[in-house]
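Report on one structure; see the data block that follows.
No lab work stands behind these numbers, since they all come straight from the coordinates. Here the structure is a predicted model, which is why all the values come from computation and not from measurement. No Cβ is skipped: glycine too gets one built from the backbone with ideal geometry, and neighbour counts run over all protein chains shown.
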């Protein structure tokens, strides 16, 4: 995976966020031909965020259904449909007002654009990496970020070169290989870690532990030495275990600051918003749903009883909705058929959190996110709850609040599962 670790330096003067679209007019039907490719995926993510687009059709010869499933979790009004294979091209194009064609083979070192003709001419005639790249693109667009350092064991220099052409004030630098990790971290105020192996069909988040635990441990060891007071935001799964790993590493180094260690669970929140809005016909951008617990399967507990605006469902529909939110990531993995996990919706969620964190760091008030954090609100050392963000990370844990009987039962069932995951992370560091 690329761009495993990102650094943001917050400028002294806060600038208001610029949104991709500022109008509420909904009118356009847009088709992206080549939606599962290197350009097509991040382009589709950016288009999904525009309020000018009513329908977004994603076409490709492979994997476009998975990309559409992933993007459908981003809570905007644009409806996304996937079309795969040449037999569905005409269906994808029906009613289109704008057709964008990023399809084709990308250039390789030593090639000119003309060298692509033989392959790409036939593609035009007929008309897939990770969270880090689209997340880096979204962060590059923020006016809150002064410097963006991209670190990975491979290819990060190329990603940095690519992003450096996006005309924003954020300066981008690439760092590649373990020898450059500490250089990437120097002066960091925020460190975001989306590193790790993504899920494949049939895998749970816990199945990623053996690979991703070592990655988190290595990066956190670098942070402990080079940027011990940075706010650390962990995306790497399984978060129920990887956040405790990061904490244990920092404790071992004597630089553990619990309010500066955060597991990003925003994706669960935006899925809850999206699915409730779909069920009730609401605008997903104007609904909020707290999600507590953990970030895996049944440990994800959407508090539908506390949604704003208020909503109610019959018990059978509520249980089905809860299960849909809990299993949404698995459905995307299945839809992508081995070509990745929920990279686009996770990049959107990660960027939402990091940009809001930066806003809080420069003094914006009343910024609340749900996150998996060191906690004393339950018997567990870590638990996801709404938290108030501030200049130094978590300013206040807002706790669990009132639960319905159904939600309270879910929480009690989730606690032993989360406890086991936490212990697994702790033991991993203790064993060295």
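Specify whether the C-alpha gyration tensor of the stretch 154-267 places it in the rounded, prolate or oblate class, a ≥ b ≥ c being the square roots of the eigenvalues: rounded for a/c under 1.5, otherwise prolate if a/b is larger than b/c and oblate if not.
oblate
Post the alpha-carbon centroid distance, the stretch 353-432 to the stretch 317-342, in whole angstrom.
Cα centroid to Cα centroid, the span is 22 Å.
For residue 179 and residue 204 in the same chain, what is the full-extension length gain: residue separation times 0.36 nm, less their Cα-Cα distance, in nm?
That pair, residue 179 and residue 204, stretches by 5.8 nm at full extension.
Show me the ranking of peptides 205-218, 305-318, 223-236, 336-349 by mean Cβ neighbours inside 10 Å, starting with the highest.
The most tightly packed comes first, giving 336-349, 223-236, 205-218, 305-318.
Taking Rg and Dmax of the Cα atoms in Å straight from the coordinates, which label in (1) 60.8, 180; (2) 21.1, 65; (3) 30.4, 97 is the correct one?
Matching the structure shown: (2).
Pop a pseudo-label 7 angstrom from the Cα along the beta-carbon direction at both residue 368 and residue 229 and give the gap in nm to one decimal.
Modelled inter-label distance: 3.0 nm.
Cβ neighbours within 10 Å, averaged per peptide: list 141-147, 413-419 in order, most packed at the top.
Descending packing order for the listed peptides: 141-147, 413-419.
Once every DSSP H run of n ≥ 4 in the chain is given -39500 (n - 2.57) and the sum is divided by its residues, what mean residue ellipticity at 222 nm do you get, rounded to the nearest 500 deg cm²/dmol?
Using -39500 (n - 2.57) per qualifying helix, the result is -12000 deg cm²/dmol.
For residue 39 and residue 317, what is the calculated FRET efficiency with R₀ set at 56 Å and r taken between the beta-carbons, to the nearest 0.05?
0.90
Is the shape of the stretch 364-432 best called rounded, prolate or oblate, per the rule: a/c under 1.5 gives rounded, else a/b larger than b/c gives prolate, else oblate, with a ≥ b ≥ c the square roots of the Cα gyration tensor eigenvalues?
Taking the square roots of the gyration eigenvalues as a ≥ b ≥ c, the stretch 364-432 is oblate.
Using DSSP, restrict attention to beta bridges with both residues in the stretch 129-431 and report what percent are antiparallel, rounded to the nearest 5. It would help to have the intermediate numbers written out before the result.
Details: 19 of 32 bridges.
That works out to approximately 60 percent antiparallel.
Would you work out the relative contact order for the stretch 28-105, in percent, from Cα pairs under 8 angstrom that are 6 or more residues apart?
Reported relative contact order: 41 percent.
Please report the spacing between the Cα centers of the stretch 253-312 and the stretch 171-232 in Å, no decimals.
Cα centroid of the stretch 253-312 versus Cα centroid of the stretch 171-232: 24 Å apart.
For the stretch 249-313, what relative contact order do you get, as a whole percent, if you take Cα pairs closer than 8 Å and at least 6 residues apart?
Relative CO of the stretch 249-313 lands at 23 percent.
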